[in-house]
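Undergrad: My structure is below; once you've seen it, I'll send some questions.
All of the numbers you see were taken from the coordinates with simple rules; none came from a lab. Quick caveat, the model's predicted, so the values are computed rather than measured. Reconstructed Cβ throughout: ideal geometry from the backbone, glycine too, with neighbour counts over all protein chains shown.
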């Protein structure tokens, strides 16, 4: 959008009084901002607008005592920050549940109608902008604070950066503005601005941004607001968190109209629709016009319009029951398979991976896609040289959907799964179903050894800080490390001799290894990499047997008597401890001083999580996903990766995704992080 052209105008402000002239200029500039950003109806050209701003800057330089914080000239200029301060949201910024089909939207409409007792409901529908949620606090009509959404309860103070976004008003324009008003909306980067920014980044030989959302996020988190001011950011508002001091609107549509009157840009495609069919028609209309929009969207949002009905429906955990995001279908693109390679994992599983001509799909550049296993390759009949359809929805791993057979080159051959390990040449066996193929080489296979040592040193296992994947690969390739125990025999000088290592880094790694010698029995069992033994099972085994020796000597019968250990897991545990090289690794680790405090055999955690299956989703405010998992495991929970009918609790953070939706459908109890301790303190069922 560009401002209109017009004949040359006389210099504004006819008064000789500088304060009146400056005030008149500010009013005129803000009026043009309003027409440009809110009404989408500019009255002057860009050059004329820039001339007004320059003239105001000149006058304020002459009369600095007349400069005010809400002047259009004061959007930027502050010194760079050292860091962003935390901001607690007075009203939590909730996330939305997602729907991916018309049936799911229909279910949402049914729940809303039943919850309110109405035969039909009015919804406000609007595009779902692919940007960053922001909170804007106004006191007496003046912007005093801007904060990111963060975890929904606490965000970061980005006021200086937000002040530089010209579509966000510094001073509201209506006499009806409440004394205290907190507005929510989305900061985004228009597509044209994103492309121009990347051209500039490329010319300066600086990092290119993957998509407009990443560019907007990177811009808004600049510690120097002058840098942010150079980025083409824009804004649409869509909600109010706090409205105090005057009567508030009674519906979502009335609220949007009021915000527009106050000077906020509201998405022009937002409209009120009645009933399910109108929602779905709106979705189809917006999806059809998606390519012509000046900004990126990834779906539409439906909100029950009546605030009274919203109150009745309420919220579940971090999402309102009265709103739903209807996401567009997964992004798909075609590309060519350059090769099919086999990767060997820690347990010897052979996984085929398609190496692709890079293609931009779903917001990222994709050059690899997993083919899962031999059965999947056979089903797809994917071959080197094939043109394939790649799908990526949200943040999920790219997958090969299908082969475009009419583009298949002549002479291609079916992929044959190897009969021997491509890394070490050992034989390959299949599991009972014939789906998973495994290398029989164990730790003589360098690929398995590398993955085993990466697992052994990982944070949830021995937690050897500084031992990254590249170092592990060098240590194995050089022959310095043939088992995890060998790590403790490498000297500081030998570490320092590795690529990208120096004396200080080497000494830090020696210190980390020394620290890791003090561990716990559950961590040690998990670090050993026993097939089928994850963190929760390792915790259960340690509590049941008390000592490593008792576990090593346990029979299949006694293993199967342990909670959550069935015949398959028991077989894997017994097989692991029966192998002489595993016994030697354990002896060597203990000789190198790896130790742990005693565990009282049979001591089981007592509390509400004991024996319960828990799934974690989203970003928690205080704990990382790993920390939350460990916290739950030590309280007797079994932490699973997916929601099913056997799940007892879902711990949900920000952006919980499809796991949250499934938990709601199954009626599973949903907890926020602060509710976890209360459940742990309850007696077990």
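Undergrad: For the pair residue 496/residue 459, report the inter-label distance in nm, with labels modelled 7 Å from Cα in the Cβ direction.
TA: 3.0
Undergrad: Provide the convex hull volume over Cα atoms per residue for region 218-348, in Å³.
TA: 280
Undergrad: Could I ask something else about it? Can you compute the modelled spin-label distance between residue 590 and residue 27, with each label point 7 Å from Cα toward Cβ, in nm?
TA: Here the answer is 8.7 nm between the modelled labels.
Undergrad: Please give the FRET efficiency for residue 353 paired with residue 520, using the beta carbon to beta carbon distance and R0 = 51 Å, rounded to the nearest 0.05.
TA: E(calc), rounded to 0.05, equals 0.90.
Undergrad: Further question on the same structure: List 274, 662 from most exposed to least, where exposure is judged by having the fewest other Cβ atoms within 10 Å.
TA: Ranking 274, 662 by Cβ neighbours within 10 Å, fewest first, gives 274, 662.
Undergrad: Counting only C-alpha contacts under 8 Å and six or more residues apart, can you give the relative contact order of the chain as a whole percent?
TA: This gives 10 percent for the chain.
Undergrad: Beyond 20 Å, what share of the Cα-Cα pairs of region 351-483 remains, rounded to the nearest whole percent?
TA: Result: 61 percent of Cα pairs exceed 20 Å.
Undergrad: Multiplying the sequence separation of residue 401 and residue 332 by 0.36 nm and subtracting their Cα-Cα distance, what value in nm do you get?
TA: Extra length available between residue 401 and residue 332 comes to 24.0 nm.
Undergrad: Can you tell me the FRET efficiency between residue 196 and residue 473 if r is taken as the Cβ-Cβ distance and R0 is 41 Å, rounded to the nearest 0.05?
TA: The calculated FRET efficiency here is 0.50.
Undergrad: Provide the FRET efficiency to the nearest 0.05 for the residue 205-residue 367 pair, computing r from the beta carbons and using R0 = 22 Å.
TA: Rounded to the nearest 0.05, the efficiency is 0.50.
Undergrad: Counting other beta carbons within 10 Å of each residue's own, what order do 429, 159 fall into, fewest first?
TA: Fewest-to-most ranking of 429, 159: 429, 159.
Undergrad: If you stretched the chain out fully between residue 669 and residue 376, how much longer would it get, using 0.36 nm times the residue separation minus the C-alpha to C-alpha distance?
TA: 102.0 nm
Undergrad: Within 10 Å, count the other beta carbons around each residue, average over each peptide in 632-638, 276-282, and list them highest first.
TA: Answer by packing, highest mean first, reads 632-638, 276-282.
Undergrad: Let me make sure I get this right: for the chain, a, b and c are the square roots of the gyration tensor eigenvalues over alpha carbons, sorted descending. Under 1.5 in a/c it's rounded, otherwise prolate if a/b > b/c, else oblate. Which is it?
TA: It is prolate, given that a/c is not under 1.5 and a/b is the larger ratio.
Undergrad: A follow-up question, please. Roughly what angle does helix 567-578 make with the longest principal axis of the chain, taking Cα atoms, 0 to 90 degrees, to the nearest 10?
TA: So the inclination is approximately 60 degrees.
Undergrad: Kindly identify region 442-516 as rounded, prolate or oblate by the Cα gyration tensor criterion: order the square roots of the eigenvalues as a ≥ b ≥ c, call it rounded if a/c is under 1.5, otherwise compare a/b with b/c, prolate if a/b is larger, else oblate.
TA: Taking the square roots of the gyration eigenvalues as a ≥ b ≥ c, region 442-516 is oblate.
Undergrad: Return an integer: the convex hull volume of the alpha-carbon atoms of region 135-199, in Å³ per residue.
TA: Once divided by residue count, the hull of region 135-199 is 109 Å³.
Undergrad: Follow-up question, since we're still on this one. If the label point is 7 Å along Cα→Cβ of residue 287, which residues in region 307-331 have backbone nitrogen under 19 Å from it?
TA: Residues passing the 19 Å test: 324-331.
Undergrad: Can you give the calculated 222 nm mean residue ellipticity of the chain, where each DSSP H run of n ≥ 4 adds -39,500 (n - 2.57) and the sum is split over every residue, rounded to the nearest 500 deg cm²/dmol?
TA: -10000 deg cm²/dmol
Undergrad: Among 573-586, 524-537, 615-628, 199-212, how do they line up from the highest to the lowest mean number of other beta-carbon atoms within 10 Å?
TA: Highest to lowest by the protection proxy: 524-537, 615-628, 573-586, 199-212.
Undergrad: What do you get for the angle between helix 191-203 and the principal long axis of the chain? Use alpha-carbon atoms, 0 to 90 degrees, nearest ten.
TA: So the inclination is approximately 70 degrees.
Undergrad: Another question, then. Let a ≥ b ≥ c be the square roots of the eigenvalues of the Cα gyration tensor of region 467-606; is it rounded (a/c under 1.5), or, if not, prolate (a/b larger than b/c) or oblate?
TA: prolate
Undergrad: When DSSP beta bridges are limited to those with both residues in the chain, what percentage is antiparallel, rounded to the nearest 5?
TA: 85
Undergrad: Would you kindly compute the Cα radius of gyration of region 613-680 and its largest Cα-Cα separation (Dmax), both in Å?
TA: For region 613-680, the Cα radius of gyration and maximum Cα-Cα distance read 10.7, 29 Å.
Undergrad: Mind pulling the angle between the C-alpha long axis of helix 580-591 and the longest principal axis of the chain? Nearest 10 degrees, somewhere in 0 to 90.
TA: 70
Undergrad: Continuing with the same structure: Suppose each label sits 7 Å from its Cα in the direction of the beta carbon; what would the residue 114-residue 644 distance come out to in nanometres?
TA: Label-label distance for residue 114 and residue 644, simple model: 2.6 nm.
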